[in-house]
Amino acid sequence: MARACTRRSALATGSGLLLASLGGGRDALAQSSEPLKIKGQVKVDGKRAEASQQVRAGQEVSVSPGGSAAFAVGNDAFIVKGQERGARLQIEGKGSTVDQLRLVSGGLVATFGKGPERKIVTTSATIGIRGTGCYVESQLHRSYICYCYGQFAFTSRDDRSVQEDFEASYHDAGRFMLRWPRPRIVPAGGLGHDDDDLILAESLVGRKPPFVKT
């Protein structure tokens, strides 16, 4: 069962990184003070990943059940969470520029730098994001999002009239996008991530979440 959204440290509870790799060249590398770690099975484009490996747009990252992979691509940073059944994330774009993420399965902590709107696509939803930190899960018949901070447009893939626009500052709301028996958005609690996940992701690109004031 996914843990609730709390302030517990991901590293202290043993649910920290499997892979931390930077795809933004020397500038991104200089910004990161987080050591590279691999635990469990992580693959990039179907091949076993190494701790020093860079992840770039156009690649696919898969994580074994119970594991996670943290990495940066340009000015954006992610933690892919395998949960009970594993995770698969397709990164669309070119080089160090991310245009869109396709979360085929599993969970994803995503933090984005300034720039044009990007999208996350799940089984049931398309999420337009700008300057955002969020947590997303993609399951067969539903998707989950926590609006951690930033601007969002949460839209059903089955019925585009089912949409919610939201601006968040600190884990303001969780939502499910259901597919059955009809597309709809329903309230949900905090699932699968904590403050330290967001702090860790942002640290990979030299930033802090807006809720960290010091």
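The values are calculated or read from the model by the stated rules, or taken from the named source; none is laboratory data. Predicted, not measured: the structure shown is a model, and the values here were computed from it. For neighbour counting, all protein chains shown are included, and Cβ atoms are generated from backbone atoms with ideal geometry for every residue, glycine included.
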Item to check | Only one of VAL104, VAL136 that is touching a residue at least 24 places away in the same chain (Cβ under 8 Å) and under 21 Å from ASP194 (Cβ atoms) | outcome: VAL136
Checklist entry - Any chance segment 197-210 includes a residue that's at negative phi, assigned to a strand (DSSP E or B) and in contact (Cβ under 8 Å) with a residue 12 or more places away in the chain? => result no
Checklist outcome for this item: When (1) surrounded by fewer than 23 Cβ atoms within 10 Å (Cβ to Cβ); (2) at pLDDT below 95; (3) touching a Gly at 6+ places or on another chain (Cβ under 7 Å) are applied to ARG88, the one that fails is (2)
Next on the checklist: Against the condition at pLDDT 95 or above and under 23 Å from GLY131 (Cα atoms), how does GLU117 come out, does it pass?
Outcome noted: no
Next on the checklist: Quick test for you: out of SER169, SER143, SER156, pick the one residue that is loosely packed, with under 15 Cβ neighbours inside 10 Å and among the small types (Gly, Ala, Ser).
Outcome noted: SER169
Checklist entry - Tell me, which strands (runs of 3 or more DSSP E) wholly within segment 134-193 include 1 or more residues that are in contact with a Pro (Cβ under 7 Å, 6 or more places away or on another chain)? => result 142-156, 173-178
Item to check | PRO187 being at pLDDT below 95, farther than 24 Å from GLY86 by Cβ and not basic (Lys, Arg) | outcome: no
Checklist entry - Restricting segment 126-145 to residues that are under 16 Å from ARG88 (Cβ atoms) and of a type outside the set (A, V, I, L, M, F, W, C), which is modelled with the lowest pLDDT? => result GLN139
Item to check | Top-ranked residue in segment 193-214 [being of a type in the set (Lys, Arg) and surrounded by fewer than 17 Cβ atoms within 10 Å (Cβ to Cβ); ranked as nearest to THR111 (Cα to Cα)] | outcome: LYS208
Item to check | Qualifying position, being among the charged types (D, E, K, R) and within 15 Å of the chain's Cα centre (by Cα), among ARG175, ARG102, ARG160, ARG179 | outcome: ARG102
Checklist outcome for this item: By residue number, the members of segment 165-196 that are aliphatic (A, V, I, L, M) and in contact (Cβ under 8 Å) with a residue 60 or more places away in the chain are LEU191
Checklist outcome for this item: The correct count of residues that are more than 16 Å from ILE91 (Cβ to Cβ) and in a strand (DSSP E or B) in segment 116-125 is 1
